[in-house]
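Here the structure comes first, spelled out in structure tokens, and everything after it is commentary.
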Amino acid sequence: MQGLSFREYLQLFHQITVQTYSLEEILSHKAELPGVKHPLPFFEDYLKKGYYPFALDEDFDLRLQQIVNQTLETDIPLYAGMNVSTGRKLKQLLAIIAKSVPFKPNMTSIATALSASRNNITDYCLFIEEAGMIAQLRDSTGGIRGLGKVDKIYLDNTNLIYSLANDNANKGNIRETFFLNQLRVKNDVLVSPVADFQIGDYTFEVGGKNKGLKQIQGVDKAFIVKDDIELGYLNTIPLWQFGLTY
């Protein structure tokens, strides 16, 4: 089940009501937060603990860790008819991904690390993805609804990054994870052959406020998505605005 969008977080945590915007409206600079002069402090808090409704609880970090452990060690093995040792391998696999995200999957090396069959690793990843722990970014070879080859594996949302990745919670990964997590709800998000992401005819390169246009020069319908900016201009869109789509 999808967690809170940035828009829903603003409503639940801060009683700030904002309408939803389509992707096209965001790209046309129509998205806004009425009454909010500086959205970035809210956005930074959301990235750390705004995705799950129970983040208002004092023991949020502990509870999130417990949910992860319960899902990997009990829920998935019970659902898939796995034994206890396989459940432990799921936990090991998530730890490998968390330390390396965005993770370029090499099924052979993962299988060796887990002492598991290479053929099982793909199934393990699917189970963990369906349980809301990871997100797999695919290419366009499989057509609609992401049946293509897996190009990168991310943790499912930014709250999990801060909880599981610890020292590996780098800004670039957090930005890409947020973009994929929010946009996948209403769009088929694929890996771009020239930039970070592709949605239909649109190409997106995600970065910080100093990100240049070099990556998308000569590419039609291409946009730079920048973190740490409050307002967009031309084909540059603030990252936080992509959290207003649902």
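The values are calculated or read from the model by the stated rules, or taken from the named source; none is laboratory data. What you see is a predicted model, and the numbers here were worked out from it, not measured in a lab. For neighbour counting, all protein chains shown are included, and Cβ atoms are generated from backbone atoms with ideal geometry for every residue, glycine included.
Worth pointing out:
- Per the conditions (1) closer than 24 Å to N187 by Cα; (2) within 17 Å of the chain's Cα centre (by Cα), the sole criterion not satisfied by D45 is (1).
- Members of the stretch 159-182 that are of a type in the set (S, T, Y), over 16 Å from R138 (Cα atoms) and out of contact with any Lys or Arg (no Cβ under 8 Å at 6 or more places or on another chain): S163
- Test: residue in the stretch 101-123 that is within 17 Å of the chain's Cα centre (by Cα), assigned to a helix (DSSP H, G or I), closer than 30 Å to G200 by Cα and polar (S, T, N, Q): no
- A single member of L27, L64, L47 is buried (at least 17 other Cβ atoms within 10 Å of the Cβ) and farther than 18 Å from T177 by Cβ, and it is L27.
- None of I224, I229, I161, I153 is outside any loop (DSSP other than H, G, I, E, B), over 30 Å from Y79 (Cα atoms) and aliphatic (A, V, I, L, M) except I224.
- Top-ranked residue in the stretch 8-42 [being of a type in the set (F, W, Y) and closer than 28 Å to A169 by Cα; ranked as farthest from the chain's Cα centre (by Cα)]: F13
- Verdict on V206 being within 18 Å of the chain's Cα centre (by Cα) and in contact (Cβ under 8 Å) with a residue 40 or more places away in the chain: no
- Residue check for Y9: part of a helix (DSSP H, G or I) and in contact (Cβ under 8 Å) with a residue 40 or more places away in the chain: yes
- Screening the stretch 197-214 for residues that are at pLDDT 95 or above and outside any strand (DSSP E or B) and picking the one that is surrounded by the most Cβ atoms within 10 Å (Cβ to Cβ) gives G200.
- Output for the stretch 56-78, where each listed residue is at pLDDT below 90 and either part of a helix (DSSP H, G or I) or more than 20 Å from Y9 (Cα to Cα) (or both): L56
- Cβ-Cβ contacts under 6 Å between residues 6 or more apart (or on different chains), taken from a first residue in the stretch 92-107 that is within 22 Å of R175 (Cβ to Cβ) to a second residue that is among the hydroxyl-bearing types (S, T, Y) and modelled with pLDDT of 85 or more, are listed as V101/Y154; P102/Y154.
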